[in-house]
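Provided herewith is a single structure, encoded as structure tokens, for subsequent inquiry.
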Ligand code: G6Q
């Protein structure tokens, strides 16, 4: 049965009417009218605290949004995902990243296979391998311990482990350097090879398919580089693989005994919890890796058990939907006030935009409303000195997710209060703004001439009424990071269910890949010029001319 179009659903229509009222609201006034606004609009779960009170919502908004979530079957689809039903309908696959962090005691059978047992069997291998490397027992071909790990992968096989290894930097084993090569651009590999010693480097080739062009080219380059310094029998000590494709791994020359498997029901951008997280286990040790999984599992439990109105991922999703579909905001900024979360926005870009950047429903009909906003961002306080100008005074309103840890993972005095103060102040400034009168009074108090005051008033006024969420954790640890990522995964899921898109495929990345193959053949002179538009042909000709000069 086809799901009815979102735009004609009764709950959607009620929300559209409600949004007409929101046009009249002012956040300052909403706060002044309700001293209970903060406690009423905060949720605590799995070590995270969400304050969504600085969004343009009234007491009626969330109940209406939850009505929409119920009407669109969020609870049923959530149960289907956790039960291993094939909810990735265009690829006929289950979606079981939640099982990857389930405790051993949990039972889940899919297609007659006990997936939790399979997962824990691989985790055991990750454990023993990471312990061998961490203890120095795993040695390179000259007998030296491993000092550098180079993960070769791209997209989902890169962004997760890279982001997490950086986020958990203070927990990384001393004496171990983590490197990540993803880009087919040789500058990426070149810069890493210049830093590492073949005798003490371990390469992890991470690719679900083991056919991805960028990863295969980088893996071959690394292998050739290594073999310039060592003989073929040394390869097993320096190359391991994470993949679902044992045949291709063996064909590449990696012993399948050194291959860590995962399964087709793990999507690339949801794979950090699987053997794709091997670099994390190596970097911070297996016990910390299990804390990371446990943090995500705690969020899974909350997502399954909490009523929708008090369910953090559901509320984050619904507030995002309110901002996108009813208030018309086309982008979302992620502002982690934590330098170790420097790659978090890039990670969320893939999670959110590859999952929900879709224009047709699961049954191939136009969605009919806007879907995923553009997700972008960088660390506070750096962003304040760059693009926050636009966020405060630009013509478009961009909702912001502030993320901060209340305690630092360092002991440098003076920094953390300054950081947190800026984070809270920005959220307050976006909410409050600064009225023309406040600006006038401030400048008059500085004895400025009245003409100058009036000339500057429009420039120094802040409209305010700009929405933001505040996400806090006590400290950035493996567990709170796990919970944070799982929070956003489930947020993405809930929005995908409401828009009725398949959040687990990514057909949109295919076209460019195919065209690139043809163009590469032309650039390398292996194929005659093909029929392109005049721009593409002109660019190819120009590149060839410069290369042959
Ligand atoms: C993620 C995508 C994509 C994928 C990469 C790498 O959900 O599927 O980013 O992870 O294209 O694919 P391989 O792991 O197969 O090399």
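Every number in this text was worked out from the coordinates using simple rules, so none of it is lab data. From a predicted model like this one, the values you see are computed outputs, not experimental measurements. Quick reminder, even Gly has a Cβ in these numbers, built from the backbone with ideal geometry, and neighbours come from all protein chains shown.
Based on the Kirkwood radius over alpha-carbon pairs, what value in µm²/s does the Stokes-Einstein equation return for the translational diffusion coefficient of the chain at 25 °C and 0.890 mPa s?
Numbers: Rh = 25.5 Å.
Answer from the Stokes-Einstein relation: 96 µm²/s.
Something else now. Just the number: Rg to Rh for the range 67-109, Cα atoms, Kirkwood Rh, two decimals. Each step should come with its number before you reach the end.
Values: Rg = 12.0 Å, Rh = 11.5 Å.
With Rg and the Kirkwood Rh in hand, the quotient comes to 1.05.
If N is the number of residues in the range 168-305, what value comes out of its Cα radius of gyration divided by 2.2 N^0.38 Å?
Working: Rg = 16.1 Å, N = 138, 2.2 N^0.38 = 14.3 Å.
Dividing the Cα Rg of the range 168-305 by 2.2 N^0.38 Å gives 1.13.
Residues in the range 32-47, backbone N under 19 Å from the label point at residue 462 (7 Å along the Cα-to-beta-carbon vector): list them, ranges by number please.
The answer is 32, whose backbone nitrogens lie closer than 19 Å to the label point.
Follow-up. Please give the FRET efficiency for residue 374 paired with residue 49, using the beta carbon to beta carbon distance and R0 = 25 Å, rounded to the nearest 0.05.
Details: r = 27 Å, r/R0 = 1.06.
Result of the calculation: an efficiency of 0.40.
Related question: Can you give the relative contact order of the range 300-451 as a percent, counting alpha carbon pairs under 8 Å and 6+ residues apart?
Values: 145 pairs, mean separation 38.5, N = 152.
Result for the range 300-451 is 25 percent.
Pairs of Cα atoms under 8 Å, at least six residues apart: use those to get the relative contact order of the chain, whole percent. Before the final figure, lay out the partial values.
On the way: 889 pairs, mean separation 108.2, N = 549.
Value for the chain: 20 percent.
Could you give the nm distance between label points at residue 407 and residue 209, where each point is 7 Å from its Cα heading toward the beta carbon?
Taking the simple label geometry, residue 407 and residue 209 are separated by 4.5 nm.
Treat each spin label as a single point 7 Å out from the Cα along the C-beta direction, and report the residue 195 to residue 541 distance in nm.
About 4.2 nm separates the two model spin labels.
Could you put 361, 147, 395 in order, starting from the residue whose Cβ has the fewest other Cβ atoms within 10 Å?
With the fewest neighbours first, 361, 147, 395 line up as 395, 147, 361.
Rounded to whole Å and sorted largest first, list the principal axis extents of the Cα atoms in the range 414-549.
Rounded to whole Å, the extents work out to 74, 49, 39 Å.
Using label points projected 7 Å from each Cα along Cα→Cβ, tell me how many nm separate residue 92 and residue 125, to one decimal.
2.7 nm
Multiply the residue separation of residue 13 and residue 441 by 0.36 nm, subtract the distance between their alpha-carbon atoms, and state the gained length in nm to one decimal.
Values: separation 428, 0.36 × 428 = 154.08 nm, distance 4.33 nm.
Value of the extension gain: 149.7 nm.
OK, next. Just rank 431, 299, 448, fewest to most, by other beta-carbon atoms within 10 angstrom.
Working: 431 21, 299 28, 448 15.
Starting with the residue having the fewest Cβ neighbours, the order is 448, 431, 299.
If each DSSP helix of 4+ residues adds -39,500 (n - 2.57) and the sum is divided by the residues in the chain, what number results at 222 nm, nearest 500 deg cm²/dmol? Write down the numbers at each step before the final one.
Details: 22 runs with 246 residues, N = 549.
Using -39500 (n - 2.57) per qualifying helix, the result is -13500 deg cm²/dmol.
How many angstrom separate the Cα center of the range 461-531 from the Cα center of the range 233-247?
Distance between centres, Cα-based: 28 Å.
Can you tell me the relative contact order of the range 434-481? Whole percent, Cα pairs under 8 Å, sequence separation 6 or more. All intermediate terms of the calculation are to be shown ahead of the outcome.
Details: 21 pairs, mean separation 20.2, N = 48.
Result for the range 434-481 is 42 percent.
Ok, one more. How much FRET efficiency would the formula 1/(1 + (r/R0)^6) give for residue 258 and residue 330, where r is the Cβ-Cβ distance and R0 is 41 Å, rounded to 0.05?
0.35
I've got another one for you. Plugging the Kirkwood radius over Cα pairs into Stokes-Einstein for the range 233-352, at a temperature of 10 °C and a viscosity of 1.306 mPa s, what D comes out in µm²/s?
Values: Rh = 17.7 Å.
Roughly 90 µm²/s, to the nearest whole number.
Okay, moving on. From the C-alpha gyration tensor of the range 11-134, pull out the three semi-axes of the equivalent ellipsoid (sqrt of 5λ each), sorted largest to smallest, in whole Å. Mind dumping the intermediate values first?
Working: eigenvalues 355, 95, 24 Å².
Its equivalent ellipsoid spans semi-axes of 42, 22, 11 Å.
Principal axis extents for the range 66-147, Cα atoms only, whole Å, descending order, please.
63, 28, 27
For each of 25, 507, count neighbouring Cβ atoms within 10 Å of the residue's Cβ, then give the residues from fewest to most.
Values: 25 14, 507 11.
The order, fewest Cβ neighbours first, is 507, 25.
While we're on this one: What full-extension length gain, to one decimal in nm, is calculated for residue 137 and residue 417 as 0.36 nm per residue of separation minus the Cα-Cα distance?
96.5 nm
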